[in-house]
Structures are given as C-alpha cells and as structure tokens.
1. Hey, can you tell me all the residues within the stretch 26-83 that are in contact with a helix residue (DSSP H, G or I) (Cβ under 6 Å, 6 or more places away or on another chain) and modelled with pLDDT of 90 or more?
2. Looking at the stretch 42-64, is at least one residue polar (S, T, N, Q), within 30 Å of S88 (Cβ to Cβ) and without any contact (Cβ under 8 Å) to a residue 12 or more places away in the chain?
3. Go through the stretch 71-112 residue by residue and tally those that are open to solvent by 40 Å² or more (accessible area, probe 1.4 Å) and either outside any strand (DSSP E or B) or touching a residue at least 40 places away in the same chain (Cβ under 8 Å) (or both).
4. Of all residues being surrounded by 13 or more Cβ atoms within 10 Å (Cβ to Cβ) and charged (D, E, K, R) in the stretch 40-67, which is nearest to N109 (Cα to Cα)? Just the residue, please.
5. Before we move on, is G30 part of a loop (DSSP other than H, G, I, E, B) and open to solvent by 60 Å² or more (accessible area, probe 1.4 Å)?
Amino acid sequence: ALTKGGVTYKDDVWHKECFLCSSCRAPLAGQSFTSQGDRPCCIKCFGNLYAKKCAGCNTPITGFGDGKYISFEDRQWHQPCFKCSRCSVSLVGSGFFPDRDQILCTDCNSDD
C-alpha cells in the first residue's frame, strides 16, 4: 500500500522506487521525463532512442531546455543551429535557400 510520497502518472500511482525509465530503468521520481507511447522514459533515453536529430549539430531535439526548433521538409534544427552553411548568420525569422544539404542566407545564395 502507498501511504505517502507516491508518484501519479497517467492516473496510476507508483512507489517512487518503482517509477523507472522504461528503457534504462533509472528512477524518474523528481526528474524531468517524457513518455514514449504510454511508457515513461528519461530525457536521455528519449533523445537517444526516439527524438529527431538536429541537421546542424546532430544531437537530439528533445523539446526540453530551449525547446524551440525549426523544421523544413525532412530536416529539423535547434533554433541556435539554424544558420547559413557558409557565413553562419542566423536564419531564424529570415528567408533562406536550401541548396542540396546546405541552407544559405540571401547574401550567400546571391554570390553564386
């Protein structure tokens, strides 16, 4: 029986020591976590197993921390990584030009 200090998740109550990441079995009580389907998952496992990877830095886009990201066709970027492939100016809120696997600002695109 649970008397105190349990964790409620999806209308079920868990002992803190039983509420674990469905992948690595790390304790989740008091930690940031997400879910994959209906299974709880720690941020690290979610990032490694399920999250899309940033086209700029190739690390997972988890939506935690600065969770804003840019999506274009089949690629995603963390907001700080969305910059011109040539001159590195930020392309957030600006026009940009896809060029094969690169993205270019207006100036670099017109240099060709």
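The values are calculated or read from the model by the stated rules, or taken from the named source; none is laboratory data. Model, not experiment: these values are computed from the prediction. Cβ coordinates were reconstructed from backbone atoms using ideal geometry, including for glycine residues, and neighbour counts include every protein chain displayed. Only protein heavy atoms, including side chains, enter the accessible area calculation; ligands, DNA and RNA are left aside. Shrake-Rupley method; radii C 1.70, N 1.55, O 1.52, S 1.80 Å.
1. Once the filter is applied, which keeps residues that are in contact with a helix residue (DSSP H, G or I) (Cβ under 6 Å, 6 or more places away or on another chain) and modelled with pLDDT of 90 or more, the stretch 26-83 yields C54, G56, C57.
2. yes
3. Matching residues across the stretch 71-112 total 22.
4. Looking at residues that are surrounded by 13 or more Cβ atoms within 10 Å (Cβ to Cβ) and charged (D, E, K, R), I get K53.
5. yes
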